Amino acid sequence: MILPQYDGNCGWYEMLGTVTDFPQLTQDIRVDAAVIGGGFVGCAAVRRLAENRPDDSFVLIEALKVGQGASGRNSGFVIDQPHKRDLELGDKELKRKMVHLNRTAIDYLETQINSYNIDCQWSKAGKYQGAVGARGEKFLDHYEQLLKNFGETYERLSPQKMQDIFGTDYYSACIFTPGGTLMQPAALMRGLADNMPANVRIAEHTPVLEITRTANGFVLNTGKARIECRQLILGTNIFTAELGFLRDRILPVMTFASMTRPLTDAEMKLYGGQLDWGLTPADHAGTTLRMTQDRRIIIRNSYRYAHDYNTPQELLPGIRQRHREGFEARYPALKNVQFDYTWGGASSLSGNFETYFGELEKGIFASACDQSVGAARGTISGMMLADMASGKKTDLLSNMLEVSGNPSRLPPKPLLHIGVPLRMAMARFASRSEL
């Protein structure tokens with residue numbers, strides 16, 4: 001059984017300093033429902049359960065510390081728009097439901113951030129999507145047409161405006177959509193965990209090794225304790241298969257980012273752009289770029305088929321060099337600005353681009369295959385899994401079921417080991433002008 005590992009490299013988490021310690025579970029407990037996984041799905045699910053059922057007891061179980069997993073390792077976008085492939089759907093009503101679900105998730109997160117004064121660089125900064133050259137512009141033009149057809153608000157930026165915002169003339173075209181938010185993901189996850197309702201217990205460093213069904217529900221074996229519960233929610237994403245569910249249906253993919261030290265006042269003048277923005281690539285194999293509120297630039301590209309779910313440390317120097325080349329191509333005047341951190345973060349894809357949401361079997365609920373847009377999708381999934389487990393029937397839940405599907409079965413793993421890296425290499429070569 002492969003378990004999550006923390007490599008000590010994630011810039012977002014390492015900058016936090018001292019965090020709350022939620023003790024490892026070492027004694028048997030009994031709760032009404034257990035939630036496995038302390039990411040976006042798990043944190044939203046256990047909070048919503050507590051809101052729905054204030055007289056019941058719940059436990060959130062995390063194999064690492066909250067914020068060390070995928071939800072704390074991403075680039076910090078909470079995107080309201082559907083994935084570009086979903087925008088291509090002809091059913092406008094279905095797309096509207098996706099947007100409404102995502103925006104409900106953003107509102108839910110923002111309510112908690114405001115209520116508990118969570119310091120996570122939360123910002124309604126919107127999202128930029130940029131093209132470097134002709135290849136990227138074709139993707140961007142297609143994206144613009146999809147936004148027009150869908151009736152969504154957007155702005156196509158002039159070259160001067162791109163220069164003013166990004167501090168570089170590297171991009172040839174860019175579209176801004178106003179609905180998304182930016183944040184510091186590890187700080188957000190820690191803030192959510194620190195402010196759970198009173199009927200929620202959190203157990204960190206507590207991996208679930210085995211799930212056994214009983215007459216009254218389930219027993220979870222963590223190696224050092226047993227948890228009895230009537231219901232179970234899985235927010236385990238790529239690790240769901242390790243627990244025996246959705247086997248051969250989730251493709252684990254690792255993407256990598258590097259983060260600079262904060263720019264000095266003199267370097268900010270050389271940079272010449274704005275703070276607090278995020279840009280995703282028009283070509284999906286291109287480069288994501290962020291400037292944080294605290295003057296750090298983040299560059300993300302490079303993909304790996306993560307069959308082992310983790311990041312081999314020997315890969316990081318080569319990836320860091322790729323990031324350095326992309327950084328200096330955009331900001332040659334900042335070539336002396338070093339990276340403080342380089343890390344990988346996992347996401348999940350499916351062969352047919354479908355996400356899973358629902359009841360796997362009686363009493364076990366799950367969301368998986370976020371298609372690399374996990375912050376909003378994970379949050380609303382967790383909320384709706386809790387509603388489903390609580391017997392609540394709402395329009396939001398109906399919409400969630402409608403926009404979800406069943407990930408298709410993947411080819412055998414020996415073929416994936418050959419085919420996925422080859423396809424990624426081909427995509428990188430085809431997109432080399434957009435890196």
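Structure notes:
- Taken as a whole, the condition of being among the hydroxyl-bearing types (Ser, Thr, Tyr), assigned to a loop (DSSP other than H, G, I, E, B), in contact (Cβ under 8 Å) with a residue 12 or more places away in the chain and crowded, with 22+ Cβ neighbours inside 10 Å does not apply to Thr168.
- Any pair with Cβ under 9 angstrom, 6 or more apart, that starts in the range 207-235 at a residue that is closer than 19 Å to Gly382 by Cα and ends at one that is among the acidic types (Asp, Glu) and part of a strand (DSSP E or B): Cys229/Asp32; Arg230/Asp32; Gln231/Asp32
- The combined condition, being on the phi < 0 side of the Ramachandran plot and modelled with pLDDT of 95 or more, is not fulfilled by Val99.
- Extreme residue, nearest to Gly272 (Cα to Cα), among residues of the range 148-165 that are assigned to a helix (DSSP H, G or I) and of a type in the set (A, V, I, L, M, F, W, C): Ile165
Yes/no matrix, rows are residues, columns are (1) charged (D, E, K, R); (2) out of contact with any helix residue (DSSP H, G or I) (no Cβ under 8 Å at 6 or more places or on another chain):
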position: Thr206; (1), (2): no, yes
position: Leu243; (1), (2): no, yes
position: Met254; (1), (2): no, yes
position: Met259; (1), (2): no, no
position: Asp265; (1), (2): yes, yes
position: Gln274; (1), (2): no, no
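- Answer residue from the range 121-138, given it is outside any strand (DSSP E or B) and surrounded by fewer than 21 Cβ atoms within 10 Å (Cβ to Cβ) and is farthest from the chain's Cα centre (by Cα) among those: Ala134
- Residue under evaluation Gly179, criteria (1) free of Cβ contacts under 8 Å to residues at least 60 places away in the same chain; (2) in contact with a Gly (Cβ under 7 Å, 6 or more places away or on another chain); (3) not aliphatic (A, V, I, L, M), criterion not met: (1)
- Test: residue in the range 382-398 that is touching a Gly at 6+ places or on another chain (Cβ under 7 Å), at pLDDT 95 or above and under 28 Å from Ala193 (Cβ atoms): yes
Residue by residue, here is whether (1) within 24 Å of Asp308 (Cβ to Cβ); (2) acidic (Asp, Glu); (3) touching a strand residue (DSSP E or B) at 6+ places or on another chain (Cβ under 8 Å) holds:
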| position | (1), (2), (3) |
| --- | --- |
| Phe339 | no, no, yes |
| Ser347 | yes, no, yes |
| Lys362 | no, no, no |
| Asp387 | no, yes, no |
| Lys393 | no, no, no |
| Leu396 | no, no, no |
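- Residue check for Leu422: aliphatic (A, V, I, L, M), more than 22 Å from Cys43 (Cα to Cα) and part of a loop (DSSP other than H, G, I, E, B): no
- Ser367 surrounded by fewer than 20 Cβ atoms within 10 Å (Cβ to Cβ) and either assigned to a loop (DSSP other than H, G, I, E, B) or modelled with pLDDT of 95 or more (or both): no
- Tabulated pairs, the range 394-423, first in contact (Cβ under 8 Å) with a residue 12 or more places away in the chain and surrounded by 15 or more Cβ atoms within 10 Å (Cβ to Cβ), second hydroxyl-bearing (Ser, Thr, Tyr) and not in a loop (DSSP other than H, G, I, E, B), C-beta under 8 angstrom, 6+ apart or interchain: Leu396/Thr104; Met400/Ser381; Ser404/Tyr356; Gly405/Tyr356; Asn406/Tyr356; Pro407/Tyr356; Leu416/Tyr305; Val420/Tyr305
- Matching option when the condition is in contact with a strand residue (DSSP E or B) (Cβ under 8 Å, 6 or more places away or on another chain), of a type in the set (Lys, Arg) and surrounded by 19 or more Cβ atoms within 10 Å (Cβ to Cβ), among Arg226, Arg249, Arg190: Arg249
- Meeting the requirement of 2 or more residues that are modelled with pLDDT under 95, the strands (runs of 3 or more DSSP E) wholly within the range 287-363 are 297-305, 339-349.
- Per the conditions (1) of a type in the set (A, V, I, L, M, F, W, C); (2) at pLDDT below 95; (3) under 16 Å from the mean Cα position of the chain (by Cα), the sole criterion not satisfied by Val66 is (2).
The values are calculated or read from the model by the stated rules, or taken from the named source; none is laboratory data. Just so we're clear, the structure is a prediction, and the values are computed from it rather than from any experiment. Virtual Cβ from ideal backbone geometry, glycine too; neighbours counted across all protein chains shown.
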